[in-house]
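Encoded as structure tokens, the structure appears first; notes follow it.
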Amino acid sequence: MASSFLKEKVRAIEVTKKSVSELLDAMADTGFQGRRLGEAVRTWEKMIKDPRCTILMGYAASLSTTGQWKLVNWLLKNRYIDVLVATGANLSEDIVEAMGYSYWKGSHLANDQALLREDINRYYDVYGDEVDYMKMTEMIADFMMKELEENVPYSSREILYRFGLWLEKKGIHSIVATAAKYNVPVFCPAIVDSPYGDAGLIAKSKGFNLVIDNMKDYIEFMSLGKKIKDSGVIYIGGGVPKDFIQLLAVTADLLYPGKVIPGRKAAISKAKRGKKAETYYPHRYAIQITTDSPQWGSLSGCTFEEAMSWGKEAPDAPKIQVYCDATIALPLVTHALAERLTKKRKGTDLSFLNK
């Protein structure tokens with residue numbers, strides 16, 4: 001009698017001329033992280049083709065310095081993501097290249113005291129010129145003082161949308177500029193932990209008082225809950241972007257007096273210890289590319305199975321976690337999608353935020 005465990009065969013990869021998409025398809029029939037990477041492409045493609053799905057992407061760490069930012073631009077242009085939540089580093093350090101400056105191949109074995117003497121910043125094995133970095137920061141400060149109002153509370157999304165439009169007019173086609181052009185909202189919950197915070201200090205030194213309202217940010221983000229049908233999530237890394245997006249499934253209902261999102265059916269509704277029922281709207285698809293592991297207890301390494309205990313992921317949702325460096329995985333996945341998909345996606349219309 002055949003075992004119920006023996007259902008699908010592992011298939012050894014033949015060396016033939018393959019496209020990136022074909023290679024990842026072949027990898028999906030292997031094992032370990034190669035299989036997971038192949039499954040990630042298939043799952044992202046399903047999200048894109050699902051007309052009910054709103055796709056939210058978390059973009060963590062300092063990946064724009066490593067040449068990844070134009071991949072994100074391509075995803076935005078094709079509306080293969082509907083909402084971007086990112087670190088301030090990723091939404092500013094790409095601007096250096098978009099302005100016409102460069103990052104440089106370096107070494108993680110460099111003499112860091114010598115780099116400091118020459119005003120060179122090191123990102124593991126990438127070098128950046130501090131002079132270029134400060135030009136970018138000064139430009140952000142210039143935007144703040146020219147285009148924003150003093151003492152008016154802004155969400156990070158408002159600032160980044162206005163900044164994106166401003167950059168686009170200048171021909172600086174960074175991530176926030178591309179997002180603004182294609183009406184994709186961008187949130188940065190920890191925005192001051194970046195050149196945006198430094199720019200705010202520069203503006204303050206010149207008498208301009210910028211106010212960033214984190215609660216306004218949270219309310220705007222959670223208001224997306226009533227505008228979407230189903231959600232799919234993609235995390236490049238973890239950190240604050242991942243947690244911010246995960247919470248959309250379990251706390252958006254708190255924005256409303258009855259703790260129910262208007263016009264949307266809860267996937268889970270249950271009473272807790274005699275109290276009024278709580279509602280959950282778990283994500284229907286989930287992909288993460290990370291090098292963090294779960295046993296340390298951090299959110300970055302937290303498995304999607306663990307997240308199910310919170311109601312963040314649907315039990316029957318594809319849950320693909322690839323333990324891989326994003327600088328390896330993201331170029332492969334995006335190029336495979338480019339080969340598989342011939343049309344731009346309409347995407348979820350969230351332009352109400354920009355009005």
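Take the stretch 18-73 and flag every residue that is β-branched (V, I, T), under 19 Å from K319 (Cα atoms) and touching a residue at least 40 places away in the same chain (Cβ under 8 Å). Steps first, please.
Residues of the stretch 18-73 β-branched (V, I, T): 20, 30, 41, 43, 48, 54-55, 65-66, 72.
Of the ones still in play, those that are also under 19 Å from K319 (Cα atoms) are 30, 41, 43, 48, 54-55.
Hits for the stretch 18-73 are V41, T43, I48, T54, I55.
Only one of E39, E22 is touching an Asp or Glu at 6+ places or on another chain (Cβ under 9 Å), farther than 16 Å from P185 by Cβ and surrounded by fewer than 24 Cβ atoms within 10 Å (Cβ to Cβ). Can you tell me which? Give the steps one after another, and end with the answer.
Working: E39 fails: touching an Asp or Glu at 6+ places or on another chain (Cβ under 9 Å).
It is E22.
Got a sec? Which of L341, L332, L255 is under 28 Å from S156 (Cβ atoms), touching a residue at least 12 places away in the same chain (Cβ under 8 Å) and of a type outside the set (S, T, Y)? Step through it out loud before you land on a result.
Numbers: L341 fails: under 28 Å from S156 (Cβ atoms); L332 fails: under 28 Å from S156 (Cβ atoms).
Exactly one of L341, L332, L255 is under 28 Å from S156 (Cβ atoms), touching a residue at least 12 places away in the same chain (Cβ under 8 Å) and of a type outside the set (S, T, Y), namely L255.
So which of A190, A177 ends up being under 30 Å from W104 (Cα atoms), part of a helix (DSSP H, G or I) and among the aliphatic types (A, V, I, L, M)? Before you say what the answer is, go through the steps one by one.
Working: A190 fails: part of a helix (DSSP H, G or I).
Answer to the check: A177.
Every residue in the stretch 171-202 that is surrounded by 24 or more Cβ atoms within 10 Å (Cβ to Cβ), closer than 21 Å to N78 by Cα, in contact with a Ser or Thr (Cβ under 8 Å, 6 or more places away or on another chain) and of a type outside the set (A, V, I, L, M), please.
F187 - this is the single residue of the stretch 171-202 that is surrounded by 24 or more Cβ atoms within 10 Å (Cβ to Cβ), closer than 21 Å to N78 by Cα, in contact with a Ser or Thr (Cβ under 8 Å, 6 or more places away or on another chain) and of a type outside the set (A, V, I, L, M).
If you go through the stretch 76-87 one residue at a time, do you hit one that is more than 17 Å from V233 (Cβ to Cβ) and either in contact with an Asp or Glu (Cβ under 6 Å, 6 or more places away or on another chain) or loosely packed, with under 14 Cβ neighbours inside 10 Å (or both)? Please lay out each step first, then the result.
The initial filter retains those residues of the stretch 76-87 that are more than 17 Å from V233 (Cβ to Cβ), namely 77-78.
Those still in the list that are either in contact with an Asp or Glu (Cβ under 6 Å, 6 or more places away or on another chain) or loosely packed, with under 14 Cβ neighbours inside 10 Å (or both) too: none.
No: zero hits.
Inside the stretch 220-230, can you point out the residues that are touching a strand residue (DSSP E or B) at 6+ places or on another chain (Cβ under 9 Å) and either closer than 22 Å to I175 by Cα or surrounded by fewer than 17 Cβ atoms within 10 Å (Cβ to Cβ) (or both)?
Answer for the stretch 220-230, where residues must be touching a strand residue (DSSP E or B) at 6+ places or on another chain (Cβ under 9 Å) and either closer than 22 Å to I175 by Cα or surrounded by fewer than 17 Cβ atoms within 10 Å (Cβ to Cβ) (or both): E220, F221, L224, K227, K229.
Taking the conditions exactly as written (farther than 29 Å from W74 by Cα and either free of Cβ contacts under 8 Å to residues at least 40 places away in the same chain or of a type in the set (S, T, N, Q) (or both)), does G207 satisfy them or not? First the steps, then the outcome.
Numbers: farther than 29 Å from W74 by Cα: yes; either free of Cβ contacts under 8 Å to residues at least 40 places away in the same chain or of a type in the set (S, T, N, Q) (or both): yes.
Taking the combined requirement at face value, the residue satisfies it.
Out of D213, D243, D292, D217, which single residue is modelled with pLDDT of 95 or more, among the acidic types (D, E), surrounded by fewer than 20 Cβ atoms within 10 Å (Cβ to Cβ) and under 30 Å from M134 (Cβ atoms)? Please lay out each step first, then the result.
Details: D243 fails: under 30 Å from M134 (Cβ atoms); D292 fails: under 30 Å from M134 (Cβ atoms); D217 fails: surrounded by fewer than 20 Cβ atoms within 10 Å (Cβ to Cβ).
Only one candidate qualifies: D213.
Can you confirm whether D193 is of a type in the set (D, E), at pLDDT 95 or above, out of contact with any strand residue (DSSP E or B) (no Cβ under 9 Å at 6 or more places or on another chain) and closer than 30 Å to V250 by Cα?
On the way: of a type in the set (D, E): yes; at pLDDT 95 or above: yes; out of contact with any strand residue (DSSP E or B) (no Cβ under 9 Å at 6 or more places or on another chain): yes; closer than 30 Å to V250 by Cα: yes.
Here the answer is yes, as D193 does meet what is asked.
Just wondering, is there one or more residues in the stretch 7-16 that are hydroxyl-bearing (S, T, Y) and touching a residue at least 12 places away in the same chain (Cβ under 8 Å)?
no
When you check F352 against the structure, is it surrounded by fewer than 18 Cβ atoms within 10 Å (Cβ to Cβ) and aromatic (F, W, Y), yes or no? I'd like the intermediate steps shown before the answer.
Values: surrounded by fewer than 18 Cβ atoms within 10 Å (Cβ to Cβ): yes; aromatic (F, W, Y): yes.
Considered against the rule, which asks whether it is surrounded by fewer than 18 Cβ atoms within 10 Å (Cβ to Cβ) and aromatic (F, W, Y), F352 comes out as yes.
Scan the strands (runs of 3 or more DSSP E) fully inside the stretch 227-300 and keep the ones with 2 or more residues being within 27 Å of S351 (Cα to Cα). Lay out the reasoning, then the answer.
Details: elements: 230-236, 268-270, 278-280, 285-290.
Passing ranges, in order: 230-236, 278-280, 285-290.
Pairs needed: first member in the stretch 165-188, under 11 Å from I95 (Cα atoms); second member anywhere, of a type in the set (G, A, S); C-beta distance under 6 Å; at least 6 residues apart or different chains.
Cβ pairs passing all conditions: L167/S174; L167/A177; I172/A98; H173/A98; S174/A98; V176/G164; A177/G164.
Those residues that are out of contact with any helix residue (DSSP H, G or I) (no Cβ under 6 Å at 6 or more places or on another chain), closer than 21 Å to A336 by Cα and either surrounded by 10 or more Cβ atoms within 10 Å (Cβ to Cβ) or not aliphatic (A, V, I, L, M) (or both), I need them from the stretch 1-19; list them, please.
Correct list: R11, E14, T16, K17, K18.
In this structure, is Y281 under 20 Å from M57 (Cα atoms) and aromatic (F, W, Y)? First the steps, then the outcome.
Working: under 20 Å from M57 (Cα atoms): yes; aromatic (F, W, Y): yes.
So Y281 fits the description; yes.
Please go through the stretch 301-311 and pick out each residue that is surrounded by 13 or more Cβ atoms within 10 Å (Cβ to Cβ), part of a loop (DSSP other than H, G, I, E, B) and small (G, A, S).
Result: G301, G311.
The values are calculated or read from the model by the stated rules, or taken from the named source; none is laboratory data. These figures come from a predicted structure and were not determined experimentally. Glycine gets a Cβ as well: all are built from the backbone with ideal geometry, and neighbour counts include every protein chain shown.
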